Structures are given as structure tokens and as C-alpha cells.
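Structure first, commentary second.
What follows is calculated from the coordinates using simple rules that are stated; it is not laboratory data. As the structure is a prediction and not an experimental result, all values here were calculated from the model. Please note: Cβ atoms are built from the backbone with ideal geometry, for glycine as well, and neighbour counts cover all protein chains shown.
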Ligand code: ARG
Ligand code: ZN
Ligand code: CA
């Protein structure tokens, strides 16, 4: 139910050689985002049967911006040649032209994604709704995480995961090694810690979910490999759509 919301996205490619990232790769990334948010990703067959009823199709979709903030025609992609080999996590240099990055496009009208090289193997990070400097609102992802990038994070799921944060989702394990933290979502079982790799367990129990069907390691907000994170849940959908309408409604006009 609900009507589909289309979010205009701008990608700022900030690299010493920004031509390394092709338009086709960025289009493939947008396509993956739309498959995953639409709950029509073919690899959703990996969801174990007992979690299938929680598999969501959100009403959130993404389109490359067709105009610049100044109303000039655009394909929603800009390439900036920088002198910096990489940028650090939570380092806002990448978000400002004056420091070798790219300035955001008005965040009340555009969903800003910076594609760059991140130091120390970081894949990406996002701002949460309402918690940021407008000029720094958005997501930074490593260029190797795009479709066609470097395995096992080469199916575009880093941006899918970060976009979950952008719409107010937290990690399924609650960001603690324990069970007091949680993601404020009822239909994701609490996890003690994150999951790595590509689990294939029929049921994986842990310290916070000790019985039943165990933890939902196929969720986009866990830390598994791209090939194995394949779903948002119904309650995550509700929370993201509420965040969109509460904090980010201006993107839709
Ligand atoms: N470490 C990042 C974060 O917490 C992204 C993890 C993405 N995982 C992946 N399989 N692409 O926001
Ligand atoms: Zn995360
Ligand atoms: Ca936990």
C-alpha cells in the first residue's frame, strides 16, 4: 500500500582519477538500490522460509537527478579530480570543494552520495535524519563497493545499507556486543554482534536470540557479504517511510 516516492540522487565522484567510475556502474548502483528497496531483488530467494513473511517492498525509489540546483540539465553525476588519494571516515573534507572534495547539492532537494576512496578499508558511512549539518547530509561510499567493484562487497549493497541509515535504520545487532542495545525494530531478532561472511545456517541462535528461528543474518542492516544481505523487513519499511515523511519529505517535491 502507499504511493511510490521517487528520490532524486546526485553522485559526486571524488577521486584522483574519477573516470575510474563509469556512468554504467552508477546506473547499475541505482538499479540495485531500486530492486532492493522495491523488494524485487532476484536474490531474495536466499531469504529462509520462516523469514519470508517479513520481506518488505518499500515505497521508496531513486532516480538520478535530471537538473542541477541551478536548473541546468544534468545526468545526476559529477566528477571531481582531487589531489587526495583517500579520505578518512567522518572526515568532512570530501564534502567540500574547498578541501579537495565536492560541495553537496541542496540537501532539501537532493539525496547526496559521494563516491571516493576511503582509508583503512571502510566501505561507507551515512548521516542520520536530523543529525547533521545540511551541507554534510548524505552518504559517502568507497568506489570499490559499486557493482563491478571488489568482492565480496561488489554488488552495491554498501549503498543499500547506508541508505537504510539515511532513513533512520540502525544495525540489527544494536551496535553493542551484548543484548541491551537493539535496532528499535520489532521484527528483526536482536543479535549480540554483527554477522560476517555468508552464513548458510538453517538456524543461527545467539546470546540475544536463544531459541526459535534465530537471527536474521540476511538483513541489509547486518554486516554480511553483499551476496548474502537481501532483505528489509516490514517494520524497517515502516520506520524508513516514516523517516522519509517526517524528515526528508522535501526530497519528494
Ligand atoms: N561498514 C559500513 C557501515 O556500517 C557498511 C557495511 C556494508 N556491508 C556490505 N556488505 N556492503 O555503515
Ligand atoms: Zn552501518
Ligand atoms: Ca547487540
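Once label points are set 7 Å from the Cα along Cα→Cβ at both residue 177 and residue 91, what is their separation, rounded to one decimal in nm? In this crude spin-label approximation the distance works out to 2.7 nm. Here each label is just a point 7 Å from Cα along the line to Cβ, and for residue 109 and residue 227 those points are 4.3 nm apart.
From the alpha carbon centroid of region 41-81 to that of region 233-251 is 14 Å.
With a simple spin-label model that places each label point 7 Å from the Cα along the Cα-to-Cβ direction, the separation between residue 187 and residue 35 comes to 2.2 nm.
Residue 120 to residue 45: FRET efficiency via 1/(1 + (r/R0)^6), r the Cβ-Cβ distance, R0 35 Å, to the nearest 0.05?
Result of the calculation: an efficiency of 0.55.
Based only on other Cβ atoms within 10 Å, what is the fewest-to-most ordering of 12, 161, 84?
Ascending Cβ contact count within 10 Å gives the list 84, 12, 161.
Test of understanding: extend the Cα→C-beta vector of residue 28 to 7 Å, then name every residue of region 119-148 with backbone N under 18 Å from that spot. So the set is 141-148.
Could you tell me whether the chain comes out rounded, prolate or oblate from its Cα gyration tensor? Rule is a ≥ b ≥ c as square roots of the eigenvalues, rounded for a/c under 1.5, then prolate if a/b exceeds b/c, otherwise oblate. In terms of gyration-tensor shape, prolate.
Ranked for footprinting exposure by Cβ neighbours inside 10 Å, fewest first, 9, 150, 140 give 150, 9, 140.
Computed extension length for residue 81-residue 132: 15.8 nm, one decimal, from 0.36 nm per residue of separation with the Cα-Cα distance subtracted. Subtracting the Cα-Cα distance of residue 196 and residue 250 from their residue separation scaled by 0.36 nm leaves 15.8 nm. Comparing 163, 233, 210 in a Gaussian network model of the chain where C-alpha atoms under 10 Å apart are linked, the largest mean-square fluctuation is found at 210.
Using only helices, what value at 222 nm comes out for the chain when you add -39,500 (n - 2.57) per DSSP H run of length 4 or more and divide by the total residues, to the nearest 500 deg cm²/dmol? Provide the component values of the computation, followed by the final result.
Numbers: 3 runs with 40 residues, N = 253.
Dividing the helical sum by the residues of the chain leaves -5000 deg cm²/dmol.
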